[in-house]
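Peer 1: Supplied in structure tokens, the structure appears directly below.
The values are calculated or read from the model by the stated rules, or taken from the named source; none is laboratory data. Note that the structure is predicted; figures quoted are calculated from it, not measured. Please note: Cβ atoms are built from the backbone with ideal geometry, for glycine as well, and neighbour counts cover all protein chains shown.
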Amino acid sequence: MNKEFIKFIEEHHVLHVSSCENEKTWSASCFYLFLENINTFVFASDKKTRHMQNIIKNPFVSGTIALETKEIGLIQGLQFEGVVKKASLKAKKAYFLSYPFAVTLIPSLWELEISYAKLTDNRLGFGKKLEFRR
């Protein structure tokens, strides 16, 4: 993943993930940590939530991270797809270092490995899009 993707991802902390099960979709917003070396988001979410129930049955997801602005020249957003799995011990340690307050909540942590991403960044030119494929 190139530096434009990494810079954008590191400037934000909430992703929106969409799941699907039996042709019914659901979306949720989650705080994330990005593991640059493996192009993976780590996020916390309870197994009982609707989106996690969907993901447990069908781990293929899509999502977005967006900068909210009304200035057309500043519009930026990331669309992605990937697969979710239970977080590794290494991912959990990294997440708790970034969000130490979360330790007391004993959250379920997950890794979302990005397989495809598209970054729109109007600062690089109107409608400029960059792509990443694993």
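Peer 1: Condition check: more than 18 Å from the chain's Cα centre (by Cα), of a type outside the set (A, V, I, L, M, F, W, C) and within 20 Å of Glu4 (Cβ to Cβ). Does Lys118 satisfy that? Give the steps one after another, and end with the answer.
Peer 2: Numbers: more than 18 Å from the chain's Cα centre (by Cα): no; of a type outside the set (A, V, I, L, M, F, W, C): yes; within 20 Å of Glu4 (Cβ to Cβ): yes.
So Lys118 fails the test.
Peer 1: Sticking with this structure for a sec: How many residues are farther than 12 Å from Asp121 by Cα and either touching a Phe, Trp or Tyr at 6+ places or on another chain (Cβ under 7 Å) or in a helix (DSSP H, G or I) (or both) if we restrict to region 63-81?
Peer 2: Qualifying residue count for the region: 3.
Peer 1: Step by step: first the residues of region 68-121, then only those that are loosely packed, with under 15 Cβ neighbours inside 10 Å and closer than 16 Å to Glu10 by Cα, then the one that is modelled with the lowest pLDDT. Which residue is that?
Peer 2: Here the residue is Glu68.
Peer 1: I need the full set of residues from region 46-67 which are out of contact with any Asp or Glu (no Cβ under 8 Å at 6 or more places or on another chain), surrounded by fewer than 19 Cβ atoms within 10 Å (Cβ to Cβ) and closer than 24 Å to Asn22 by Cα, in order please.
Peer 2: Scanning region 46-67 gives Asp46, Lys47, Lys48, Thr49, Arg50, Ile56, Pro59, Thr64.
Peer 1: Confirm whether Phe31 is of a type in the set (A, V, I, L, M, F, W, C), closer than 20 Å to Ala94 by Cβ and modelled with pLDDT under 95. Quick ask: steps written out before the conclusion?
Peer 2: Working: of a type in the set (A, V, I, L, M, F, W, C): yes; closer than 20 Å to Ala94 by Cβ: yes; modelled with pLDDT under 95: yes.
So Phe31 fits the description; yes.
Peer 1: Right, here's the next one. I'm checking my understanding of the structure. Among residues of region 3-26 that are polar (S, T, N, Q) and under 16 Å from the mean Cα position of the chain (by Cα), which one is surrounded by the fewest Cβ atoms within 10 Å (Cβ to Cβ)? Spell out the reasoning first.
Peer 2: Filtering region 3-26 down to residues polar (S, T, N, Q) leaves 18-19, 22, 25.
Subsequent filtering for residues that are under 16 Å from the mean Cα position of the chain (by Cα) retains 18-19.
Working: Ser18: 16, Ser19: 25.
Per the stated criteria, the residue is Ser18.
Peer 1: Considering each of Glu131, Glu111 in turn, give the residue that is in a strand (DSSP E or B), over 14 Å from the mean Cα position of the chain (by Cα) and of a type in the set (Asp, Glu).
Peer 2: Working: Glu111 fails: over 14 Å from the mean Cα position of the chain (by Cα).
The conditions single out Glu131.
Peer 1: I need the full set of residues from region 46-81 which are of a type in the set (Ser, Thr, Tyr) and in contact with a His (Cβ under 7 Å, 6 or more places away or on another chain), in order please. Break it down stepwise before answering.
Peer 2: Keep residues of region 46-81 that are of a type in the set (Ser, Thr, Tyr), which gives 49, 62, 64, 69.
Within region 46-81, just Thr64 meets the criteria.
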